[in-house]
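Trainee: Have a look at this one.
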Amino acid sequence: MKTLTTLLLLAAVLAGFSTGAAAAGPKLETATFAGGCFWCMVHPFDELPGVVSVVSGYTGGHVKNPTYEQVSAGWTGHAESVQITFDPAKIGYRKLLEVYWHNIDPTVKDRQFCDVGHQYRSAIFYHGEAQRREAEESKRELMRTKPFKGEIVTEITPAGPFYPAEEYHQNYYRKNPIRYHFYRYRCGRDQRLEELWGKRN
């Protein structure tokens, strides 16, 4: 009888652990994109339903824990990027890809808008085989349906270490809205996006 009671208690504890794990929350996934100045790549994703967080940072390089000064100098190999944590039950990776494409100029190599250099390249850093397939499929579809003439030169490459940028870069569009909008205008970002993709709704 004592043994049965012990087994029942153990089963209850294990069931509690199982329930706790389920209640801990959804399984989240990660997407990493580079599209020039990371200040400008946060806002398009930040308020999408299902996106949990968007972090500005550096990836694709060969230096550990790079600083903004090092990356912007262009010798670390990193790209200014954003890393997105999302709930795939609420938003799919394909939707993130669609938003990504419409917020970059995929026709230019080693630059985006007024920012020139390998650190400002456009790139999709995929996490796993499923993301690679979706990224390549979305690129093929875009090549078939694109509303502009230029070739698509955006890289699709495996994700590597991602280093969050300094705190003052995080959510810059919220912290410094006037400077942010002035930068976008001066850099010609919205003007070029309209040329490529048409007016936004």
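Trainee: Counting other beta carbons within 10 Å of each residue's own, what order do ARG186, ARG121, ARG111 fall into, fewest first?
Mentor: So the residues, fewest neighbours to most, are ARG186, ARG111, ARG121.
Trainee: Once Lys and Arg get +1 and Asp and Glu get -1 on their Cβ, which of THR145, GLY188, VAL71 lies farthest toward the positive end of the dipole of the chain?
Mentor: With unit charges placed on the Cβ atoms, the residue in question is THR145.
Trainee: Nearest 10 degrees is fine. How inclined is helix 129-145 to the longest principal axis of the chain, computing both from alpha carbons?
Mentor: So the inclination is approximately 30 degrees.
Trainee: Scaled to the compact-protein estimate 2.2 N^0.38 Å, what is the alpha-carbon radius of gyration of the chain, rounded to two decimal places?
Mentor: 1.26
Trainee: Report the extension gain between PHE182 and LYS149 in nm, rounded to one decimal, defined as 0.36 nm multiplied by the number of residues separating them, less their alpha carbon distance.
Mentor: Working it through step by step, the gained length comes to 9.0 nm.
Trainee: Sticking with the crude label model, points 7 Å out along Cα→Cβ, report the distance from LYS27 to GLU195 in nm, one decimal please.
Mentor: Those two pseudo-labels are separated by 4.4 nm.
Trainee: On to the next question. Using Cα positions and a limit of under 18 Å, work out the aspartates and glutamates in reach of LYS149, with same-chain residues fewer than 8 apart set aside.
Mentor: Qualifying aspartates and glutamates at Cα under 18 Å: ASP105, GLU141, GLU194, GLU195.
Trainee: Right, here's the next one. Report, to two decimal places, the Cα Rg of the stretch 15-127 normalised by 2.2 N^0.38 Å (N = number of residues).
Mentor: For the stretch 15-127, the normalised Cα radius of gyration is 1.22.
Trainee: Also: Taking a 27 Å limit on the Cα-Cα distance, which of the listed pairs LYS64/LYS90; LYS109/LYS146; LYS27/LYS146 fall beyond it?
Mentor: LYS64/LYS90; LYS27/LYS146
Trainee: Another question about this same structure. Among DSSP beta bridges lying fully in the chain, give the percent that are antiparallel, nearest 5.
Mentor: The antiparallel fraction comes to roughly 85 percent.
Trainee: I would also like to ask the following. To the nearest 20 debye, what is the magnitude of the charge dipole of the stretch 26-197 about its Cα centre, counting +1 on the Cβ of each Lys and Arg and -1 on the Cβ of each Asp and Glu?
Mentor: In total the dipole reaches around 180 debye.
Values quoted throughout were computed directly from the atomic coordinates according to the rules given, and no laboratory measurement underlies them. Since the model is a prediction, treat every value here as computed from it, not as a measurement. When we count neighbours, we look across all protein chains shown, and the Cβ atoms used for this are built from the backbone with ideal geometry, even at glycine.
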